[in-house]
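**Student:** The structure is given below, and queries will be raised subsequently.
Computed from the coordinates by the stated procedures, all read-outs in this text should not be read as laboratory data. Predicted model, so just to flag it, every value in this text is computed and none were measured. Please note: Cβ atoms are built from the backbone with ideal geometry, for glycine as well, and neighbour counts cover all protein chains shown.
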Amino acid sequence: MKPGPSNNVFPRWLNRLRIVLGAGAAFGGVYVVTLFAYGASPKTLNVGFAPEQPVAFSHALHAGELALDCRYCHTTVELGARAAVPPTETCMNCHARIRTQSEALAPIVASWTTGEPVHWKRVHDLPDYVYFDHSAHVTRGVGCVTCHGRIDTMDRVRQEQPLSMGWCLDCHRDPTPNLRPPQFATSMEWQPDKPARELGAELARARNIRPSTDCSTCHR
Amino acid sequence: MGSAHGPISVGSAGTQSRGEVWTRPVLVDGDQSLGAVTRRVCDVVEAPKPPRAWYIAITISASLTLMLFGMVVYLIATGVGVWGNTNPVFWGWDIVNFVFWVGIAHAGTLISAILFLLRQKWRTSVNRAAEAMTLFAVCCAGMYPAIHVGRIWVAYWLFPLPNQMQMWPNFRSPLLWDVFAVSTYATVSLLFWYMGLVPDLATLRDRAVTPLRRRLYGFFALGWRGSARHWQRFERAYLILAALATPLVLSVHSVVSFDFAVSQVPGWHTTIFPPYFVAGAIFSGFAMVVTIMVPARELFGLRDLVTMKHLENMNKVILATGSMVGLAYATEFFIAWYGGNAFERFTFLNRALGPYAWAYWIMIFCNVVAPQFFWSKSIRTNPWLMVGVCILVNVGMWFERFVIVVTSLSRDYLPSAWGYFKPTPIDICTFIGTLGLFFTLFLLFCRYLPMVAIAEVKTVLPDAHAHDEHGHAGGAAHGRSPEVQHV
């Protein structure tokens, strides 16, 4: 085979295009990886989700300033899988007498008169194929604040944690930094009196807390 | 290739008298000039129209491929329930067909890598087509694990990709080893095949008469100019790839056999599986090469390049590996009895005498009895008869996988959980569809790429060994064997 004009089937400037294409492919690879690693991560997509609710209810006022316990409204949290969203009646326990004329309370009063429940917007929403039990966590000493953040400072509730599978697994593999005596589960301000991991290890030993990481633990 | 141009003294010098001159075997027939080889191979690609039979064949095979796509879409849209897989046989035709196609894919690498390292020069005429066949068989095989997972959109979970679920494949599972074994095999086979093609693509580029052909072949020829430096690097790289590919011939089907052998199902849990599977894979692969090379060489007038000698050699490999497979069947039976495990013993008796006895005896006839006809030279050199035997071998090797997968699962430890597997029409049409895909790809390959490695065949022609004309005395000066030098 002689080197001749027939061998040069492509013009010379294609050599430069080759470099451009190579750089483009390298950059494109980095771009796609970054896009998926950060852009599609639940940390980016879900953290900070704070929908406007039909009622301008402030957790900062009720749970913070007034220091109502979480369980006053979310009654089932120690007993069942779901932390119940309170019915209008729970609000009316107090608001039948307190600030009955408040503008912010109007939707609750309307609901009370018509019997139509308030359509609260769900903030912390796990996929339907995930089985999560609040009682299993709360009664063994995982505080509300660990997953939901400082609710007592939020006017409107927002999602603080990614709630991704990897995030769940981090704690299931090593729950010690997140354990506290169960009587403080609903406290927003509780702090361990020694390093959290040390206390957590003691609590885990005492209560035989060894969370499972089997698929069927959460996907039943 | 090219590296052993000196006259080779025959290893078994003892059987040869010392004065006798070793003559280089003639590996191709017909016109022995270098140009004739180029013309014969390129004419297939450059002919304005392929033979009429090509059109008929590709119409049929492309229709079957369309049917395959339809079946796969239906499967994905509906779910794996459209197949016959159900309790207790959860591995049905999907795994049978996967192993069947992976097995067929073994001849290509054996011919291209092992026979290359062993300096079996006759491989040059058949390696290109065999490697292409390997790739197409891997395509058919690789499809099954992907579509049988059910939720194909999460098939990437097979690979260890970091993700927010922190989900990671189980590295203790042979199913994961399989993912790596098959994907490595596909990658290396593709590189090997493509690298061998580069000089021939450059030939097609230089002969091209239309700009489109020149550009297309030129693009894939990677700027090959045929300089001495190109050749030197090419041959070194080819040798390295051959060395890398060689362990794969043994590893891929060993790992496929681990899918079964590592489990505890009676009839699967046996240590003989890796060598037995590898022998079976080479057996079925060579049978498929012969099955498609015989019509291809007739159709495209390549009888001088792919000679009867080549086919006969491959038939001998089929005879040898077929006998190994037969020995493995006998050993399995013997060990089932000798091992004294009641479940194992039952499984093997059940295979031969149970509800799947029909499949078992088809397998025995096709894999053990049929290749024995190749002891007869007149049968192994008759194109019709050898294709007949090779088709039987392919049928037999499909049934071997069927017997292994289905009989063991249908009746294992618990009699209350026994069942009888029945494929659905979707199973059958999907399998026929993969045959269509395989032949479609092969027919396209025959028409658009050089079916025989032009550059490699030239190295076995007399013109490549001009110094042979010095006669024996001249050759002895370069000879590597002391026997020759002492003459």
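**Student:** Filter chain A for me: DSSP H helices, axial length by Cα at least 18 angstrom, mean Kyte-Doolittle hydropathy not below 0.5. List them by residue number.
**Tutor:** The qualifying helices are A:14-34.
**Student:** Starting at the first residue of segment B:173-190, write each ³J(HN,Hα) from the Karplus equation 6.51 cos²θ - 1.76 cosθ + 1.60 with θ = phi - 60°, in whole Hz, x for Gly and Pro.
**Tutor:** 9, x, 5, 6, 4, 4, 4, 6, 4, 6, 6, 4, 4, 4, 5, 5, 4, 5
**Student:** I've got another one for you. Rank by packing, highest mean first: peptides A:183-190, A:92-99, A:164-171, with packing defined as the count of other Cβ atoms within 10 Å averaged across residues.
**Tutor:** The peptides rank, most packed first, as A:164-171, A:183-190, A:92-99.
**Student:** Going through the cross-link list B:Lys49/B:Lys309; B:Lys377/B:Lys458; A:Lys43/A:Lys194; B:Lys121/B:Lys309; B:Lys121/B:Lys458, which pairs have a Cα-Cα distance over 19 Å in this structure?
**Tutor:** Pairs exceeding the cut-off: B:Lys49/B:Lys309; B:Lys377/B:Lys458; A:Lys43/A:Lys194.
**Student:** Same structure, new question: Using just the Cα positions, wrap chain B in a convex hull and report its mean projected area in square nanometres, one decimal place.
**Tutor:** Its average projected convex-hull area is 27.0 nm².
**Student:** Take the protein assembly as shown, drop everything but the C-alpha atoms, weight them equally and run the Debye formula without solvent; then report log10 I(q)/I(0) at 0.07 Å⁻¹ to two decimals.
**Tutor:** Log10 of I(q)/I(0), two decimals: -0.69.
**Student:** Right, next: What's the angle, to the nearest 10 degrees (0 to 90), between helix B:308-338's Cα axis and the longest principal axis of chain B?
**Tutor:** 30 degrees
**Student:** While we're here: Can you give the direction-averaged projected area of the convex hull of the alpha-carbon atoms in segment B:145-302, in nm²?
**Tutor:** For segment B:145-302, averaging the hull's shadow over all directions gives 14.7 nm².
**Student:** Express the relative contact order of chain A as a whole percentage, based on alpha carbon pairs under 8 Å and six or more residues apart in sequence.
**Tutor:** 24 percent
**Student:** Now, a different point. Which whole-number value in Å³ per residue fits the convex hull of the alpha carbons of chain A?
**Tutor:** Cα convex hull per residue, to the nearest whole number: 256 Å³.
**Student:** Still on this structure, I have one more. With a sphere of radius 15 Å drawn around the Cβ of B:Glu332, what net charge do the other residues whose Cβ falls strictly inside it have (Lys, Arg +1; Asp, Glu -1)?
**Tutor:** Counting the neighbours of B:Glu332, the net charge comes to +1.
**Student:** Measure nothing but the geometry: give the 0 to 90° angle between the long axis through the Cα atoms of B:34-46 and the longest principal axis through the Cα atoms of chain B, rounded to 10°.
**Tutor:** Around 40 degrees separate the two axes.
**Student:** For the pair B:Met324/A:Glu116, report the inter-label distance in nm, with labels modelled 7 Å from Cα in the Cβ direction.
**Tutor:** Roughly 7.9 nm, to one decimal.
**Student:** A further question on this structure: Hey, how much of the P(r) for segment A:113-176 falls beyond 15 Å, as a percent of Cα pairs?
**Tutor:** So the pairs more than 15 Å apart make up 64 percent of the total in segment A:113-176.
**Student:** If you take the beta carbon distance between B:Leu222 and A:Cys215 as r and set R0 to 45 Å, what does 1/(1 + (r/R0)^6) give as a FRET efficiency, to the nearest 0.05?
**Tutor:** Efficiency for this residue pair is about 0.45.
**Student:** A further question follows. How large is the convex hull of the C-alpha atoms of segment A:71-142 per residue, in Å³?
**Tutor:** 117 Å³
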